[in-house]
Amino acid sequence: MPVPLRRRGEALESAIFEATLQQLTTDGYARLTMEGVAAAAQTGKAALYRRWSSKEELVKDALRACLPPVGPAPDTGSLRGDLIEVVTRLRTAMFSEPGAAVRAIMGELDQRRAHVFLEIVLARVVEPTTRLIAEVLSRGTARGEVRPGAVTPLVTDVVPALMLYRIKMCGGESAQLDPDAIVDEVLLPLVRG
């Protein structure tokens, strides 16, 4: 058994979050244990229990800390380019290590038990993405690239909904989420006049 490293603060927390996400991805939520995370992070169980009372709390904080931010709205100079950039960022988030952990949770837990984790994904990834899509489409409307009235909550939800459907129901391969195809075959036909 390796000797626990003497890390504190952010370095220790980062190692714990990384170990949590790795264990979720490889073993799933049911098999994730505080002991396993502590061993993988090369720290003692007490370091975890001082910060988190349960594995649910640990996973929630790991997701909050590690899900990649979607960033500001892109401005490539074209509606298509901006939309492709937003879709690419969402796909990157979904296939990041935290995204893989979320997919493991979604695949394993029923809707009721997964709800607390999905709320974090909605707040950190999905809702910011729909806001970016709305901003990009609104700029496109101002430039005459999007028909007036086309930017609605249903339209801005299409991309995240499609991607989540493909991940959850169709096996979730990255190739099934081609940003160019999503923009060209789905989103642009919805908003152009």
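The values are calculated or read from the model by the stated rules, or taken from the named source; none is laboratory data. Not measured: the values here are computed from a predicted model. Neighbour counts run over all protein chains shown; Cβ positions are idealised from the backbone, glycine included. To get the accessible areas, we keep the full protein, side chains included, count just its heavy atoms, and leave off ligands, DNA and RNA. Shrake-Rupley method; radii C 1.70, N 1.55, O 1.52, S 1.80 Å.
Observations on the model:
- Taking the stretch 75-85 as the range and being open to solvent by 20 Å² or more (accessible area, probe 1.4 Å), touching a helix residue (DSSP H, G or I) at 6+ places or on another chain (Cβ under 8 Å) and either aliphatic (A, V, I, L, M) or not in a helix (DSSP H, G or I) (or both) as the test, the residues that pass are ASP75, THR76, ILE84.
- When PHE95 is tested against (1) open to solvent by 10 Å² or more (accessible area, probe 1.4 Å); (2) of a type in the set (Phe, Trp, Tyr); (3) touching a Phe, Trp or Tyr at 6+ places or on another chain (Cβ under 9 Å), exactly one condition is not met: (3).
- Failed item in (1) surrounded by fewer than 16 Cβ atoms within 10 Å (Cβ to Cβ); (2) assigned to a helix (DSSP H, G or I), with PRO69 passing the rest: (2)
- Residues in the stretch 86-121 that are in a helix (DSSP H, G or I), touching a residue at least 12 places away in the same chain (Cβ under 8 Å), out of contact with any helix residue (DSSP H, G or I) (no Cβ under 7 Å at 6 or more places or on another chain) and within 17 Å of PRO160 (Cβ to Cβ): ARG89, THR92, LEU118.
- Whichever residue in the stretch 20-36 is free of Cβ contacts under 8 Å to residues at least 60 places away in the same chain and surrounded by fewer than 20 Cβ atoms within 10 Å (Cβ to Cβ) and, among such residues, is farthest from the chain's Cα centre (by Cα): GLU35
- Qualifying residue in the stretch 105-112 (condition: under 16 Å from LEU24 (Cβ atoms), hydrophobic (A, V, I, L, M, F, W, C), open to solvent by less than 80 Å² (accessible area, probe 1.4 Å) and at pLDDT 85 or above): yes
- For the stretch 37-52, a residue qualifies if it is open to solvent by 20 Å² or more (accessible area, probe 1.4 Å) and either of a type in the set (A, V, I, L, M, F, W, C) or touching a strand residue (DSSP E or B) at 6+ places or on another chain (Cβ under 9 Å) (or both), and the qualifying residues are ALA39, ALA40, ALA46.
- Selected residue [closer than 23 Å to PRO69 by Cα, touching a helix residue (DSSP H, G or I) at 6+ places or on another chain (Cβ under 6 Å), in a helix (DSSP H, G or I) and at pLDDT 95 or above] from VAL125, VAL155: VAL155
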